[in-house]
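Below: the structure, in structure tokens.
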Amino acid sequence: MRYLTAGESHGPGLTTIIEGLPAGLPLLPDDINYELRRRQGGHGRGARMRIENDQVQVTAGLRHGKTLASPLALFVENKDWKHWETVMSIEPVPDKKEQSRRVSRPRPGHADLVGGIKYGHRDMRNVLERSSARETTVRVAAGAVAKKLLAELGIEVAGHVLEIGGVRADLDKDYTVKEIQSISEASPVRTLDKNSEQTMMDKIDEAKKNGDTIGGIVEVVVGGVPAGLGSYVQWDKKLDAKIARAIVSINAFKGAEFGVGFEAARKPGSEVMDEIVWSEEDGYTRTSNNLGGFEGGMTNGMPIVVRGVMKPIPTLYKPLQSVDIDSKEAFTASVERSDSCAVPAASVVAEAVVAWEVAEAVLDKFDSDRFEGLKEQVEAYRQAMKEF
């Protein structure tokens, strides 16, 4: 299973084509639209989210509420396109119009300058339009399809915010996936800690008032995962490695960790490894989940627990020093419309990319031509794991 995305932030819209889905997966546009709405929410979002009302158009691969196994094509319109038709025109425009909203002052921390150098763009709008986090709209759409497939197989995905601007949620227990879904969905910052919620929002408001931005940490938990997804036999078959790549591929994300993560460097092995137990009802399980559901690059049957760190968004309303690529003189960077904090929305994106990798691993392991056959195989495999 794979997908590609296409589209610019202020172009007509965004497209993804998904290939490799089984035939017969129940799917409706509302399954996708629900996730798109979640991505647009969260305290700290900017004016763009008041303009857009993301709705998916399914243009291929779906008939009468079930996938056909042919490529699934999804399109999300950019409603702001009407204000950018000349600036982003696919046809040549007069020179004066061509200079409209040209970007010659790159933003520190963004792809502007390096992308311009790499591809020879003297107008760095050609870079920022594609490198914009607006592209995650259709990654969430693809992730919504993956989440639907997983849910039909008894695998649930949930994300939440652990930290914003140095304010960390104080979690005194382990939450089930259902609890995470319910509690985080009710929070404006998608946190599980009601006591930290207002402080996080205050931090976001303070950053906005100061023309600044703040980042944070999100966590994704996947429950109901069977053991044995991924493989130890080659480095590029390790599922945790694929998930880490997916997390860091999200715009502004700079790192990923599983289970206790970097804390493992400060603990002895006896406090890190998850002891193995067996019962007739559950088969093999672990007494803890310090390794975040992975051993040897494979799922071990415990919930997958992965965290990602998001840096502050690089577009600042009090822009940092930059250099004009025309004059080579020092200037402040260009300002594009932006959020003061997108961490709550990023937790939804993180759910989507993790769900995709897990769904792909499922389809790699089992015959995936027909969805009903896939369900039967997964259930038979779960039973075989108990009897091993």
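How many residues are in contact (Cβ under 8 Å) with a residue 24 or more places away in the chain and farther than 15 Å from L14 by Cα if we restrict to the range 66-82?
Start the filter on the range 66-82 by keeping residues that are in contact (Cβ under 8 Å) with a residue 24 or more places away in the chain, which leaves 66-69, 71-81.
Narrowing the set further to residues that are farther than 15 Å from L14 by Cα leaves 66-69, 71.
Residues in the range 66-82 being in contact (Cβ under 8 Å) with a residue 24 or more places away in the chain and farther than 15 Å from L14 by Cα: 5 in total.
Select from the range 11-44 the residues that are at pLDDT 95 or above and assigned to a loop (DSSP other than H, G, I, E, B) and list them in ascending order.
G11, P12, G20, L21, P22, G24, L25, L27, L28
Which residue pairs have Cβ atoms closer than 8 Å, lie 6 or more positions apart in sequence or on different chains, and pair a first residue in the range 153-181 that is hydroxyl-bearing (S, T, Y) with a second residue that is surrounded by fewer than 21 Cβ atoms within 10 Å (Cβ to Cβ) and part of a loop (DSSP other than H, G, I, E, B)?
Final answer for the pair search is none.
Considering only residues that are in a helix (DSSP H, G or I) and out of contact with any Ser or Thr (no Cβ under 6 Å at 6 or more places or on another chain), which ones fall in the range 142-160? Spell out how you get there, then give the answer.
Just the residues of the range 142-160 that are in a helix (DSSP H, G or I), to begin with: 142-152.
Scanning the range 142-160 gives G143, A144, V145, A146, K147, K148, L149, L150, A151, E152.
Would you be able to say whether some residue in the range 349-371 is in contact with a Phe, Trp or Tyr (Cβ under 6 Å, 6 or more places away or on another chain) and either in contact (Cβ under 8 Å) with a residue 24 or more places away in the chain or of a type outside the set (D, E) (or both)? I'd like the intermediate steps shown before the answer.
Filtering the range 349-371 down to residues in contact with a Phe, Trp or Tyr (Cβ under 6 Å, 6 or more places away or on another chain) leaves none.
No, the range 349-371 contains no residue that is in contact with a Phe, Trp or Tyr (Cβ under 6 Å, 6 or more places away or on another chain) and either in contact (Cβ under 8 Å) with a residue 24 or more places away in the chain or of a type outside the set (D, E) (or both).
Please state which one of E152, E135 is more than 28 Å from E8 (Cα to Cα) and either buried (at least 22 other Cβ atoms within 10 Å of the Cβ) or at pLDDT 95 or above (or both).
On the way: E135 fails: more than 28 Å from E8 (Cα to Cα).
Only one candidate passes the filter, namely E152.
May I ask you to list the residues in the range 138-195 that are closer than 20 Å to G216 by Cβ and β-branched (V, I, T)?
Selection gives V140, V157, V161, I164, V167, I180, I183, V189, T191.
Quick grid of which residues meet (1) modelled with pLDDT under 95; (2) of a type in the set (G, A, S):
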residue: G46; (1), (2): yes, yes
residue: E52; (1), (2): yes, no
residue: Q57; (1), (2): no, no
residue: V76; (1), (2): no, no
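To keep it simple, each residue is scored yes or no on (1) at pLDDT below 95; (2) in contact with a Ser or Thr (Cβ under 6 Å, 6 or more places away or on another chain).
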{"position": "I247", "(1), (2)": "no, no"}
{"position": "F253", "(1), (2)": "no, no"}
{"position": "G261", "(1), (2)": "no, no"}
{"position": "P268", "(1), (2)": "no, no"}
{"position": "E275", "(1), (2)": "no, yes"}
{"position": "S279", "(1), (2)": "yes, no"}
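Working only within the range 320-373, note down all residues that are part of a strand (DSSP E or B) and open to solvent by 30 Å² or more (accessible area, probe 1.4 Å).
Correct list: Q321, V323, A330, F331, T332, R370.
Listed residues V335, V343; which is at pLDDT 95 or above and either within 17 Å of the chain's Cα centre (by Cα) or over 26 Å from I32 (Cα atoms) (or both)? Before you say what the answer is, go through the steps one by one.
Working: V335 fails: at pLDDT 95 or above.
When all the criteria are applied, what remains is V343.
If we scan the range 327-350, do we find a residue that is out of contact with any helix residue (DSSP H, G or I) (no Cβ under 9 Å at 6 or more places or on another chain) and of a type in the set (S, T, Y)?
Yes, the range 327-350 contains a residue that is out of contact with any helix residue (DSSP H, G or I) (no Cβ under 9 Å at 6 or more places or on another chain) and of a type in the set (S, T, Y).
In the range 57-102, how many are open to solvent by less than 70 Å² (accessible area, probe 1.4 Å) and in a helix (DSSP H, G or I)?
2
What is the number of the single condition among (1) open to solvent by 30 Å² or more (accessible area, probe 1.4 Å); (2) out of contact with any strand residue (DSSP E or B) (no Cβ under 7 Å at 6 or more places or on another chain); (3) farther than 30 Å from L25 by Cβ that P108 does not meet?
Result: P108 passes all but (2).
Looking at (1) part of a helix (DSSP H, G or I); (2) surrounded by 14 or more Cβ atoms within 10 Å (Cβ to Cβ), which is the one condition that is false for A384?
(2)
Is at least one residue of the range 63-80 within 28 Å of A207 (Cα to Cα) and touching a strand residue (DSSP E or B) at 6+ places or on another chain (Cβ under 8 Å)?
Within the range 63-80 (the criterion being within 28 Å of A207 (Cα to Cα) and touching a strand residue (DSSP E or B) at 6+ places or on another chain (Cβ under 8 Å)), the answer is yes, since at least one residue qualifies.
The values are calculated or read from the model by the stated rules, or taken from the named source; none is laboratory data. Just so it is clear, the model here is predicted, and its values are computed rather than measured. Cβ coordinates were reconstructed from backbone atoms using ideal geometry, including for glycine residues, and neighbour counts include every protein chain displayed. Note: areas computed on protein heavy atoms with side chains; ligands, DNA, RNA excluded. Shrake-Rupley method; radii C 1.70, N 1.55, O 1.52, S 1.80 Å.
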